[in-house]
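All remarks here apply to the structure that follows.
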Amino acid sequence: MTIDSALLGSIAAIVWINLLLSGDNAVVIALACRSLPDGMRMRGLALGAAAAVGLRIFFTIIVATLLGVPFLKLVGGVLLFWIAVKLLIDESEETDVPASKSLWKAVQTIVVADMVMSLDNVLAIAAAANGSMPLIVFGLVLSAPLVAFGANMMIDVLQRFPIFVWGGAALLGWVAGGLMVEDPAWPTFAHWTPSHAIGYAAAAAGALAVVAVGWAMLKHEGRDI
C-alpha cells in the first residue's frame, strides 16, 4: 500500500501548526484558573479545555465550509499571512488574562478569550487540511491534548529553539500562499486556472514573504532576530 506524499505533507503541516498555535490557548486556560482553590483547579482546567476545543470544532467546520465560497480563500490567505507575521513579532499577550476565584467565572473568561484567539488555529488547520474533513478532524483531535496539557512544554521548547518558530511561521506563509491561489474565483475574474506549478510558486513566495516581512519588522523595532 502506497502512502500519498501530499497526505503526509498535510498531516505534518497540521501537527506543526498545532504545536505552534495551541500553546497560547492552553496558557489562557492556565492563567484564568491559577487562583482557583486546589480542589477546583483541575475541574476548571478540564472544563476550560473542553470549551476551547468545542469552540474550535464549531468554528473550523464553519470556516472549512466557507472556504469554498469565491474570494474567501483570498481573504483567508491574507489573514493567515498576517497571523504568521504576528507569530514572529508578537510577545506573549496572555499575561493580562484575569485570574478567577469562581469556577464558572474562570470558564467564562476562557471561553471569551478563546473565541478571540482561535481564529489562527481554525483558519490554519482548515487551510492545511485543504477541505478534507478527516484531516480537519485529525487536527482538532490532536489539538485537544495540546490545549489541555502541552502549553508549558511547548513554550519552553520554542523559547529554547527560536528556529522552530521561524520555520512554523514560514509554514503558515506557505499555506497562505497556496490557499490564495486555490481560490475558486480565479477562473471567473482572471480567465485562467492556476496550475500545480503556480500553486507551489505561490506557496514558496508566501513562505519567503513571511520571513522577509517578519525579519524587516523586527529589525525596524531594533529587536533581536
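Where a number appears in this text, it was derived from the coordinates with a stated rule and is not lab data. All figures in this text were calculated on a predicted structure; none of them were measured in a lab. Cβ atoms come from the backbone with ideal geometry, glycine included; neighbour counts cover every protein chain shown.
Extension gain Ala12-Glu221, at 0.36 nm per residue separation less the Cα-Cα distance, in nm?
Between Ala12 and Glu221, full extension yields 72.0 nm more.
Need one number: nm distance between label points at Val165 and Asp38, each 7 Å from Cα along Cα→Cβ, rounded to one decimal.
Those two pseudo-labels are separated by 3.5 nm.
Could you give the nm distance between label points at Leu74 and Ser5, where each point is 7 Å from its Cα heading toward the beta carbon?
That separation, rounded to one decimal, is 3.2 nm.
Please report Trp166, Trp174 as a ranked list, fewest other C-beta atoms within 10 angstrom at the top and most at the bottom.
Least to most surrounded, the residues fall as Trp166, Trp174.
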